[in-house]
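Engineer: This is the structure I have questions about; it appears just below.
The values are calculated or read from the model by the stated rules, or taken from the named source; none is laboratory data. It should be emphasised that the depicted structure is a prediction, and the values quoted were computed from it without experimental measurement. Glycine gets a Cβ as well: all are built from the backbone with ideal geometry, and neighbour counts include every protein chain shown. Heads up: the accessible areas ignore ligands, DNA and RNA and are worked out on the full protein's heavy atoms, side chains in. Shrake-Rupley method; radii C 1.70, N 1.55, O 1.52, S 1.80 Å.
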Amino acid sequence: MNYRQQFAEEIYTHLQGLSKVEEINALIEEPKYNTHGDLAFPCFTLAKKLKKAPQQIAKELSTKIDASFLEKTVAEGPYVNGFLNKQIVSKQVIQRINTEKENYGSSAAGAGKKVTLDFSSPNIAKPFSMGHLRSTVIGNALANISEKYGYKAIRINHLGDWGTQFGKLITAYKQWGSEEKVRENPIKELFHLYVMFHEQAEKHPHLEDEARFWFKQLESGNEEALQLWKWFREESLKEFAKIYELLGIIFDSYDGEAFYNDKMDGIVQELKDKDLLSLSDGAEVVNLAAENMPPCLIKKKDGATLYATRDLAAAVYRSRTYHFEKSFYIVGQEQRLHFEQLFLVLQKMSYNWAASLQHVPFGFILKDGKKMSTRKGKVVLLEDVIKEAIDLAYQNIKTKNPELENKEEVAKMVGVGAIIFHDLKNERQNNIEFNLDEMLKFEGSTGLYVQYTHARACSILRKAPAKNNIAVSGLTDSYSWTVIKTLMDFPNVIEKSFQQAEPSVIAKYVLKLSQDFNKYYGQIKILADDTEQSSRLALVKSVAIVLKEGLRLLGVKAPEKL
Ligand code: ARG
């Protein structure tokens, strides 16, 4: 069903070995206007070889080409334009999707290979931030897309559960904390203590020394420090679990920074052996001056390890454990330098797999044009935000469709879907504006619009007469053809979104398919009782299948009724 490839092969047979099939394929374009056909082959590169004008070549080729999947071939200046045979092609596309169902668009390109995806990775004892939400949603979509592309995806939550901040937290807890309060409202209370520490430390610098002391205790296994840390960690994880449950996201591993504690000496030793460490102000660093980058800090003056040290250990561990082909880090763009340094140090350590590591950065979430921040103790709890979205969706459903069964369940799909879709519909590097009302609109580029279109398709199918095994004959009108062509594009869309690590490619695609389908729905009497009815219904079914699958890849559910 790869008509581009077939077109290339057809052209190839008329060129007598002048060019390879792959070369021809790579040249084929999609004409700008659909009145110019579905495929266009430019003849410029052949001009030299054939010593003829490209216009002449196009003319000659167009008369020779004759294939059943093509309705006609026309020379248009230096281009050979191919018009697909709508009858034959639409029939093939519809049949294929109805046979393969949700497997349509799947690829074996990644078969037998693994990708690791480091995403979400919130920090213990701190609120789950908007930045972490973006990482979670983008990372989960990329994991789904990788699987669709054939890979085995390993979802890793690299928890921020180690570092000097735990020294601060322990200090603050011992000074001002209460067990009861932490149990009652862990994240809020721990974060409050953390903020308090910073306020107090400005006035009483000795607190910083104490914090360093406690982190040292933690790193060297002091029982009291460890007990507190463990407790903070557990309480935080319980809170995070609520968010993952709402979003429907599961991880293969929660090995965060602390997990690498006992692997740090090995890394430092290895850096030493490879002659990469130097001393700077008493700290051990890897000098990156030759690469125009600041040094990568490995060990502080007091012997404490750093974020980068743990990331080095993590990369080495993952390579040994998973033998990944590709390793994605879905982390905000503000950490660009950190990852550049990390990858460079691994290269210097002569790990050739360092080239398979990729930072997948993204922009900020803004509220009224400003960065949303949890600094200074202003806590917006993400769980509350998601619940608000679900609640809004529920109110919406109650007024618009009071008869709907399982309203709660659908409201959850819609509310959560709205947040996810809003995040994924724009290229990830862009900043996005957080506005729940905007996200939950029926019209426009929203998840709800796509969900609604899917539900509309399902509703038509429910109304369809129960005829069995009526043959699909193919559809030739222009509205169907637009839908068919978009459906045909799905496998390419998957490939592109994987190659670019860009879920927005799929989000934009399901929006386009929805628009095409809604136009079709507005113009064509789908349920009219004529000979093409079963073909039309099979087309509707194809649309429902692909919309649902596209949304699934993004992490959004598609209810059958709305
Ligand atoms: N916990 C970190 C933060 O919130 C993100 C960790 C990203 N992953 C990594 N391997 N460094 O900034």
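Every residue, every condition in (1) open to solvent by 40 Å² or more (accessible area, probe 1.4 Å); (2) under 30 Å from LEU551 (Cβ atoms); (3) more than 16 Å from the ligand (Cβ to nearest atom), yes or no:
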site: LYS188; (1), (2), (3): yes, no, yes
site: TRP231; (1), (2), (3): no, no, yes
site: LYS242; (1), (2), (3): yes, yes, yes
site: GLU245; (1), (2), (3): yes, yes, yes
site: ASP262; (1), (2), (3): yes, no, yes
site: GLU270; (1), (2), (3): no, no, yes
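Engineer: Count, please, the residues in segment 37-54 that happen to be out of contact with any helix residue (DSSP H, G or I) (no Cβ under 9 Å at 6 or more places or on another chain) and open to solvent by 60 Å² or more (accessible area, probe 1.4 Å).
Structural biologist: Counting residues in segment 37-54 that are out of contact with any helix residue (DSSP H, G or I) (no Cβ under 9 Å at 6 or more places or on another chain) and open to solvent by 60 Å² or more (accessible area, probe 1.4 Å) gives 3.
Engineer: Run down LYS113, LYS148 and say which single residue is touching a strand residue (DSSP E or B) at 6+ places or on another chain (Cβ under 9 Å), more than 16 Å from the ligand (Cβ to nearest atom) and modelled with pLDDT of 95 or more. Before you say what the answer is, go through the steps one by one.
Structural biologist: Working: LYS148 fails: touching a strand residue (DSSP E or B) at 6+ places or on another chain (Cβ under 9 Å).
After ruling out the rest, the residue left standing is LYS113.
Engineer: Here are ALA47, ALA53, ALA58, ALA67: which of them is touching a residue at least 40 places away in the same chain (Cβ under 8 Å) and at negative phi?
Structural biologist: ALA67
Engineer: Out of all the residues in segment 298-317, which are within 14 Å of the ligand (Cβ to nearest atom) and farther than 18 Å from ASP161 by Cα?
Structural biologist: Residues of segment 298-317 that are within 14 Å of the ligand (Cβ to nearest atom), as a first pass: 305-317.
Passing the criteria: only VAL316.
Engineer: Condition test on ASN352, is it away from the ligand (no atom under 16 Å from the Cβ), touching a Ser or Thr at 6+ places or on another chain (Cβ under 6 Å) and open to solvent by 10 Å² or more (accessible area, probe 1.4 Å)?
Structural biologist: Working: away from the ligand (no atom under 16 Å from the Cβ): yes; touching a Ser or Thr at 6+ places or on another chain (Cβ under 6 Å): no; open to solvent by 10 Å² or more (accessible area, probe 1.4 Å): yes.
No, not satisfied.
Engineer: A further question on this structure: Take the residues of segment 318-330 that are touching a Ser or Thr at 6+ places or on another chain (Cβ under 6 Å) and open to solvent by less than 50 Å² (accessible area, probe 1.4 Å): which is nearest to the ligand (Cβ to nearest atom)? It would help to see each step written out before you state the result.
Structural biologist: From segment 318-330, those touching a Ser or Thr at 6+ places or on another chain (Cβ under 6 Å) are 318, 322, 324, 326-327, 330; that's our starting set.
Adding the requirement that they be open to solvent by less than 50 Å² (accessible area, probe 1.4 Å) leaves 318, 322, 324, 327, 330.
Values: ARG318: 10, TYR322: 14, PHE324: 14, SER327: 10, ILE330: 8 Å.
So the residue we want is ILE330.
Engineer: Select from segment 114-127 the residues that are surrounded by fewer than 24 Cβ atoms within 10 Å (Cβ to Cβ) and either among the basic types (Lys, Arg) or in a loop (DSSP other than H, G, I, E, B) (or both) and list them in ascending order.
Structural biologist: LYS114, SER121, LYS126, PRO127
Engineer: Tell me which helices (runs of 4 or more DSSP H) are completely within segment 451-562 and hold 1 or more residues being closer than 24 Å to ILE88 by Cβ and among the hydroxyl-bearing types (Ser, Thr, Tyr), or say none if there are none. Please lay out each step first, then the result.
Structural biologist: Numbers: elements: 478-488, 490-499, 504-523, 533-554.
Counting at least 1 such residues, we get 478-488, 504-523, 533-554.
Engineer: Looking at ILE138, ILE170 in this structure, which one is within 21 Å of GLN358 (Cβ to Cβ) and either open to solvent by less than 10 Å² (accessible area, probe 1.4 Å) or modelled with pLDDT of 95 or more (or both)?
Structural biologist: Details: ILE170 fails: within 21 Å of GLN358 (Cβ to Cβ).
Result: ILE138 is the single residue among ILE138, ILE170 that is within 21 Å of GLN358 (Cβ to Cβ) and either open to solvent by less than 10 Å² (accessible area, probe 1.4 Å) or modelled with pLDDT of 95 or more (or both).
Engineer: Now for a different question. Pairs only if they're at least six apart or on different chains, beta carbon under 7 angstrom, first in segment 394-411 and touching a residue at least 24 places away in the same chain (Cβ under 8 Å), second open to solvent by 80 Å² or more (accessible area, probe 1.4 Å); list them, first residue then second.
Structural biologist: LEU404/LYS561
Engineer: Could you check segment 294-317 and list, in sequence order, the residues that are open to solvent by less than 40 Å² (accessible area, probe 1.4 Å) and among the aliphatic types (A, V, I, L, M)? Even if it seems obvious, please write down each step before you answer.
Structural biologist: Step one: list which residues in segment 294-317 are open to solvent by less than 40 Å² (accessible area, probe 1.4 Å), which gives 296, 298, 303-306, 308-316.
Within segment 294-317, ILE298, ALA304, LEU306, ALA308, LEU312, ALA313, ALA314, ALA315, VAL316 meet the criteria.
Engineer: Taking GLY266 as the residue in question, decide whether it is open to solvent by less than 90 Å² (accessible area, probe 1.4 Å), away from the ligand (no atom under 16 Å from the Cβ), small (Gly, Ala, Ser) and under 28 Å from SER319 (Cβ atoms).
Structural biologist: Working: open to solvent by less than 90 Å² (accessible area, probe 1.4 Å): yes; away from the ligand (no atom under 16 Å from the Cβ): yes; small (Gly, Ala, Ser): yes; under 28 Å from SER319 (Cβ atoms): yes.
Taking the combined requirement at face value, the residue satisfies it.
Engineer: Under 9 Å between Cβ atoms, at least 6 apart or on separate chains: pull out the pairs that start in segment 337-359 with a residue that is at negative phi and end on any residue that is of a type in the set (S, T, N, Q) and away from the ligand (no atom under 16 Å from the Cβ).
Structural biologist: ALA354/GLN347; ALA355/GLN347
The rows are residues; the columns are (1) within 27 Å of the chain's Cα centre (by Cα); (2) open to solvent by less than 40 Å² (accessible area, probe 1.4 Å).
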| site | (1), (2) |
| --- | --- |
| ASP384 | yes, no |
| ALA389 | yes, yes |
| THR399 | no, no |
| LYS412 | yes, no |
| GLY415 | yes, yes |
| ALA418 | yes, yes |
